[in-house]
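The values are calculated or read from the model by the stated rules, or taken from the named source; none is laboratory data. These numbers come from a predicted model, not from an experiment. As a convention, Cβ positions derive from the backbone with ideal geometry for all residues, glycine included, and neighbour counts pool all protein chains shown. Ligands, DNA and RNA are excluded from the accessible area calculation, which covers all protein heavy atoms including side chains. Shrake-Rupley method; radii C 1.70, N 1.55, O 1.52, S 1.80 Å.
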Amino acid sequence: AKMLTDQDDIRVIQVKDYIINPKPNGYRSLHLILEVPIFLSNEKKNMKVEVQFRTIAMDFWASLAHKMRFTFFQTQSQLKFLQEELYDCAEQSAKLDERMQGIRDVIGWNKNE
């Protein structure tokens with residue numbers, strides 16, 4: 001995210017940090033609303049875009065959560081069960097991401113020694 005926002009032709013409009021402040025359903029990611037230049041055949045325009053940074057696991061989670069929003073459930077208990085399962089999966093994914101980052105950090109330290 002920093003590499004992207006450090007570019008001199010990109011302006012940060014808004015930052016939504018769902019890693020530090022996860023959504024109530026467990027979703028974690030970093031969303032940036034940016035203004036970026038696009039180049040048309042006869043002009044350059046600045047356009048607003050949203051960039052979402054998330055892990056592979058959280059991307060899969062978000063895909064399932066999105067599908068669930070457009071699925072009809074026969075019972076409320078079925079919907080509640082799936083919501084609880086997705087929340088638990090988000091929690092476990094975040095813990096796994098932290099562990100994997102720790103391993104990456106150790107590998108990085110050993111590489112620099």
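What to note about this one:
- Those residues of region 68-113 which are assigned to a loop (DSSP other than H, G, I, E, B) and open to solvent by 100 Å² or more (accessible area, probe 1.4 Å), in sequence order: F70, F72, Q74, E113
- Filtered residues of region 66-113 (kept if at pLDDT below 90 and under 15 Å from the mean Cα position of the chain (by Cα)): H66
- Which listed residue, of S93, S29, S63, is hydroxyl-bearing (S, T, Y) and free of Cβ contacts under 8 Å to residues at least 12 places away in the same chain: S63
- Scanning region 48-59 for residues that are under 20 Å from V12 (Cβ atoms) and open to solvent by 80 Å² or more (accessible area, probe 1.4 Å) turns up K48, E50, Q52, R54.
- The lone exception for A62 - which of (1) of a type in the set (A, V, I, L, M); (2) out of contact with any His (no Cβ under 8 Å at 6 or more places or on another chain); (3) open to solvent by 60 Å² or more (accessible area, probe 1.4 Å) it fails: (3)
- Taking region 1-36 as the range and being hydroxyl-bearing (S, T, Y) and either loosely packed, with under 13 Cβ neighbours inside 10 Å or under 16 Å from T55 (Cβ atoms) (or both) as the test, the residues that pass are Y18, Y27, S29.
- A count restricted to region 31-60 and to residues that are assigned to a loop (DSSP other than H, G, I, E, B) and either of a type in the set (K, R) or touching a Lys or Arg at 6+ places or on another chain (Cβ under 9 Å) (or both) stands at 2.
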